[in-house]
Amino acid sequence: MNDRVYIFDTTLRDGEQVPGCQLNTVEKIQVAKALEQLGVDVIEAGFPISSPGDFQSVVEISKAVTWPTVCALSRAVEKDIDMAAEALQHAKRKRIHTGIGTSDAHIRYKFNSNREEILERAVRAVKYAKRYVEDVEFYAEDAGRTDNEYLARVVEAVIKAGATVVNIPDTTGYCLPEEFGAKIKYLIEHVDGVDKAILSTHCHNDLGMATANTMAGLLNGARQCEVTINGIGERAGNTALEEIAMILKAHKGIPLETNINTQRIYPVSRMVSSLMNMPVQPNKAIVGKNAFAHSSGIHQDGVLKNAGTYEIIDPRDVGIDTNSIVLTARSGRAALKYRLEVNGVRLPEEKLDQVYADFLNLADKKKEIHDDDILMLAGADRAHDRRIKVDWLQATSGIGMKPVASIGLDIAGEKFEAAATGNGPVDAAINALRQIVHRQVTLTEFTIQGVTKGSDDCCKVHMQVEHEGRVCYGFGASTDIVTASIEAYVDCINKL
Ligand code: KIV
Ligand code: ZN
């Protein structure tokens, strides 16, 4: 019989930490429910002490999902653990994930401490978390670069203190697969009581080895792996959930299995990419646009004769829906609801009405509405309780003329108007807006991305602004680039 590998998904914590990938609570609940349907065992829902928004998201996700364990991150600090426990109070199954850096670099430079003191702090944190919950996971940050002998002492001590899972992160993505596999093997062979806990992998992809390292960990005895959808995460990202799930499915000789319903992989991948405004690279394994596209004549000929000649996975096994329905302005509310549900989104009736109205609006401007469009609409509840709203906007630009824009704003019920020129219509519109809202914000990032295809496509704009040391992210979407840009800018200002 195969051994079970537990899938710990950290899309909503390590993934959401990426600049620009922030989700609001409504969106996080959508993702959490989709992860539940996908069959993940643990959802790391956030880091409650880090912000009131993160705290609230852990509360709401705890209420929204039923069978996966909901996990909250904390440092090995009592007030962090208190907040994590409070945020998890409604979870049916709950876990506190606490830990501390164990590599010499972390001990010396981050904590100005020594190995013995760190070991004591680790044990104290686990014991403290145990007052609140039975299921406590300990992470030895930078375990990848931690000396194995010391790491084994830490792991043994935290298991004795009650840790049910011990996470061995390759925080910097430095390890080679052989080295990481050997580390897990060393712990299994040298830690007294190791059978009382599950060892977990948490690999980053800085050198492109996250998946290989995770597999090496699993093949050497780890039974939980920490992953994200599409491999998003700090810097070069984390191990991609879809890669591990499909490796274990495709390699029948490996006696390991997960609970992942692989046919949900593609819809969840699209949902996360769309809500987080994080495109998936076309050649990404399993979920990239080209992952199953055979372009050379030799390959096409082989696949037509027998798909097995060049395909090791059936695209249907990951939920690639070749008959994907395209919605139009004539599609009814039921068709929209069905398509959202296929994509793992179940909305309350009231919210569905709102999204349907937005859908009809968009369908008036754009002939075909694809899954990515409706996912974007379902996640877009940002515009509602804003202090500053755009009443109207007009921009003119072209060859041989100076771009000019005028704008009307509603600021807490008061009306303002301004006009300005700029080096393009977006610049002109932002200049006009700045005449009304005088805050000196610096635009530090500005990306425009088409949602699907075609010149009538909807575009998404992501912006990052800085004001007196504070950084805010904003988002806007429209079939009009200038409107989407101003929406994103206003979103940022509202957050400031
Ligand atoms: O990469 C890492 O070490 C982490 C820990 C907080 C688990 O994300
Ligand atoms: Zn991490």
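Among the residues of segment 438-452, which ones are of a type outside the set (S, T, N, Q), assigned to a loop (DSSP other than H, G, I, E, B) and under 21 Å from Ile481 (Cβ atoms)?
Residues satisfying the conditions are Val441, Val451.
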*Please find, within segment 209-230, the residue that is nearest to Pro267 (Cα to Cα) out of those that are within 16 Å of ligand 1 (Cβ to nearest atom) and open to solvent by 10 Å² or more (accessible area, probe 1.4 Å).*
Thr211
_Selection from segment 244-282 of residues that are part of a helix (DSSP H, G or I), β-branched (Val, Ile, Thr) and within 20 Å of the chain's Cα centre (by Cα)_ = Ile244, Thr262, Ile265, Val268, Val272
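Does His202 satisfy the condition of being within 14 Å of ligand 2 (Cβ to nearest atom), closer than 19 Å to Ser74 by Cα and surrounded by 21 or more Cβ atoms within 10 Å (Cβ to Cβ)?
yes
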*asked:* Tally up the residues in segment 163-192 that are open to solvent by 20 Å² or more (accessible area, probe 1.4 Å) and away from ligand 1 (no atom under 16 Å from the Cβ), please.
replied: 11
*Determine if segment 89-108 includes at least one residue that is among the basic types (Lys, Arg), open to solvent by 40 Å² or more (accessible area, probe 1.4 Å), over 22 Å from Gly162 (Cβ atoms) and modelled with pLDDT of 95 or more.*
yes
*Limited to segment 51-71, what total is found for residues that are out of contact with any strand residue (DSSP E or B) (no Cβ under 6 Å at 6 or more places or on another chain) and either among the aromatic types (Phe, Trp, Tyr) or surrounded by 24 or more Cβ atoms within 10 Å (Cβ to Cβ) (or both)?*
2
*Tell me which of these Tyr338 doesn't satisfy, since it passes every other one: (1) part of a helix (DSSP H, G or I); (2) at pLDDT 85 or above; (3) open to solvent by less than 30 Å² (accessible area, probe 1.4 Å).*
(3)
*Hey, Val65 in contact with an Asp or Glu (Cβ under 9 Å, 6 or more places away or on another chain), touching a residue at least 40 places away in the same chain (Cβ under 8 Å), closer than 17 Å to Val268 by Cα and among the hydrophobic types (A, V, I, L, M, F, W, C) or not*: no
*Looking at segment 127-234, what strands (runs of 3 or more DSSP E) fall wholly within it and have at least 1 residues that are polar (S, T, N, Q)?*
165-170, 198-203, 224-227
*How many of the residues in segment 56-84 are closer than 24 Å to Ala34 by Cα, among the aliphatic types (A, V, I, L, M) and in a helix (DSSP H, G or I)?*
5
*asked:* Name the single residue that is surrounded by the most Cβ atoms within 10 Å (Cβ to Cβ) among those in segment 1-20 being farther than 10 Å from Glu234 by Cα and modelled with pLDDT under 95.
replied: Gly20
*Top-ranked residue in segment 355-380 [being in contact with a strand residue (DSSP E or B) (Cβ under 7 Å, 6 or more places away or on another chain) and in contact (Cβ under 8 Å) with a residue 60 or more places away in the chain; ranked as farthest from Arg270 (Cα to Cα)]*: Leu362
*Which residue pairs have Cβ atoms closer than 9 Å, lie 6 or more positions apart in sequence or on different chains, and pair a first residue in segment 73-84 that is acidic (Asp, Glu) with a second residue that is surrounded by 24 or more Cβ atoms within 10 Å (Cβ to Cβ)?*
Glu78/Ala125; Asp80/Phe47; Asp80/Pro48; Asp80/Leu73; Asp80/Ser74; Asp80/Thr98; Asp80/Ala125; Asp82/Ser74
*Give the residues of segment 355-414 that are part of a helix (DSSP H, G or I) and basic (Lys, Arg), sorted by residue number.*
Lys365
*For Leu23, state whether it is open to solvent by 10 Å² or more (accessible area, probe 1.4 Å) and within 14 Å of ligand 2 (Cβ to nearest atom).*
no
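Matching residues to (1) hydrophobic (A, V, I, L, M, F, W, C); (2) modelled with pLDDT of 90 or more:
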| site | (1), (2) |
| --- | --- |
| Ala307 | yes, no |
| Thr328 | no, no |
| Pro348 | no, no |
| Lys367 | no, no |
| Thr396 | no, yes |
| Met401 | yes, yes |
| Ser406 | no, yes |
*Given the structure, is Ala87 of a type outside the set (Asp, Glu), out of contact with any strand residue (DSSP E or B) (no Cβ under 8 Å at 6 or more places or on another chain) and either farther than 21 Å from Ala197 by Cβ or touching a residue at least 60 places away in the same chain (Cβ under 8 Å) (or both)?*
no
*Here are Ala395, Ala488, Ala412: which of them is small (Gly, Ala, Ser), on the phi > 0 side of the Ramachandran plot and touching a residue at least 24 places away in the same chain (Cβ under 8 Å)?*
Ala412
*Yes/no for Gly253 being open to solvent by 10 Å² or more (accessible area, probe 1.4 Å) and either without any contact (Cβ under 8 Å) to a residue 12 or more places away in the chain or within 15 Å of ligand 1 (Cβ to nearest atom) (or both)*: yes
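The values are calculated or read from the model by the stated rules, or taken from the named source; none is laboratory data. In this text the structure is predicted, and so the values were computed from the model without any measurement. Cβ coordinates were reconstructed from backbone atoms using ideal geometry, including for glycine residues, and neighbour counts include every protein chain displayed. The protein model used for the area step is the full one, side chains on, heavy atoms only, and it has no ligands, DNA or RNA in it. Shrake-Rupley method; radii C 1.70, N 1.55, O 1.52, S 1.80 Å.
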